[in-house]
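Below is one structure, written out as structure tokens; the observations come after it.
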Amino acid sequence: MRTHTLGAIGEVIGSGMRHAAGAAVDLVFPPCCCNCGVMVGRGSALCPGCWSTVAFIERPFCEVLGMPFAFDQGEGTVCGEAIAHPPVFDRLRAVAAYDGIAGKLVHQLKYRDRTDLAPMMAEWMRRAGAAEISACDAIVAVPLHWRRLAWRHFNQSAELARHVSGLSGKPFAAGALVRAKPTARQVGLTKTARETNVRGAFQVPVSGRAEVSGRRLVLVDDVYTTGATVSAAARALKRAGAADVTVLTFARVISGPI
């Protein structure tokens, strides 16, 4: 009993010290909006003005591709693109349109090493994919090839996936999917060239098969553009026996007004 009491007291003291340390840091470096830099109540947040300009993707939208509809067409409606060209994955969910502040946050995380943005972005992703995350068995990230990872030092998709996992309590299957061959950067490539570039790029290693076979997975990436990368990754997961694959991204490219 005494040991448990001391342990509880230690936890309280430790929590208090962490809170005090955080308050001291905020006093010296007041938390600022992740976009415009004005002071906000807490770190890793947007000010009300910036928040109001984010083009969040909300219902009604296509149940398969997550493309927002201009008006409610009824529950379970699927867009023409999903009917004409059914994706390899089962469904896509995204937080916001890839423009404005959402696009800037993705760029800051990916190219400016702003890993401090990942917890905030992951929290929004957890909300956007709440139902799918609740039903899944594990979280998987779109991986980088080891050479690019060594050069970049971190994988932005893995950072987002790790935080989504922590926030949701779902396991992060970090080794379930690997990028077996190096690929060129997708930026600037046409849709066809993107598909060719990532064809056969992903594999489920022998050590990861148990985490994939027969399981419902949420595949995390930072942004959905043409879908070439997540489609190639989802195809590898399906071939390894995944029962269901939801793609979850922070942003997605949308043509036309939202």
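The fewest-to-most ranking of 44, 207 by surrounding Cβ atoms within 10 Å reads 207, 44. Shape verdict for the chain, please, from the Cα gyration tensor: rounded (a/c under 1.5), prolate (a/b greater than b/c) or oblate. Prolate, because a/c is 1.5 or more and a/b exceeds b/c. Please check the chain for the longest run free of chymotrypsin sites (Phe, Trp or Tyr not before Pro) that are loop-located per DSSP (anything but H, G, I, E, B) and have at most 14 other Cβ atoms within 10 Å. Longest run free of exposed loop sites: 155-258. Over all other residues within a Cβ to Cβ distance under 14 Å of residue 103, the charged ones net out to +3, with Lys and Arg as +1 and Asp and Glu as -1. Residues whose amide H falls under 5 Å from that of residue 172, counting only those 5 or more places apart or on a different chain, are 139, with hydrogens built in the peptide plane.
Remark: the range 135-142, residue by residue, has Karplus-estimated 3J(HN,Hα) of 8, 8, 9, 6, 9, 10, 10, 5 Hz, where x stands for each Gly or Pro and the curve is 6.51 cos²θ - 1.76 cosθ + 1.60 at θ = phi - 60°.
Just for the range 92-251, what percent of DSSP beta bridges are antiparallel, to the closest 5? Working shown, then result.
On the way: 2 of 18 bridges.
If I count the DSSP bridges inside the range 92-251, around 10 percent turn out antiparallel.
Computed from backbone phi with θ = phi - 60° and the Karplus coefficients 6.51, -1.76 and 1.60, the 3J(HN,Hα) list for the range 58-74 is 10, 4, x, 8, 4, 5, 9, 9, x, 6, x, 9, 5, 8, 5, 9, x Hz; x is used for glycine and proline.
Pull up all non-local amide H partners of residue 65: gap of 5 or more, or a different chain, and H-to-H distance under 5 Å with H placed in the peptide plane. So residue 65 has HN proximity to 79, 92.
For residue 191, a cut-off of 25 angstrom between C-alpha atoms picks up these lysines, skipping any fewer than 8 places away in its own chain: 104, 110, 181, 238. The angle between the Cα long axis of helix 100-111 and the longest principal axis of the Cα atoms of the chain comes to about 80 degrees, rounded to the nearest 10.
Give the shape of the range 172-258 as rounded, prolate or oblate, defined through the alpha-carbon gyration tensor: a ≥ b ≥ c are the square roots of its eigenvalues, a/c under 1.5 means rounded, and otherwise the shape is prolate if a/b is larger than b/c and oblate if not.
Details: a/c = 2.39, a/b = 1.47, b/c = 1.63.
It is oblate, given that a/c is not under 1.5 and a/b is not larger than b/c.
When only alpha carbons are used to place a centre, the range 86-127 and the range 189-221 end up 19 Å from one another. In terms of surrounding Cβ atoms within a 10 Å radius of their Cβ, 196, 183 rank from fewest to most as 196, 183.
Rounded, prolate or oblate: which fits the range 101-218, taking a ≥ b ≥ c as square roots of the Cα gyration tensor eigenvalues, rounded meaning a/c under 1.5, else prolate when a/b beats b/c? Oblate, since a/c reaches 1.5 and b/c is not below a/b.
Taken together, the values in this text are just the output of simple stated rules run on the coordinates, not laboratory data. Predicted, not measured: the structure shown is a model, and the values here were computed from it. As a convention, Cβ positions derive from the backbone with ideal geometry for all residues, glycine included, and neighbour counts pool all protein chains shown.
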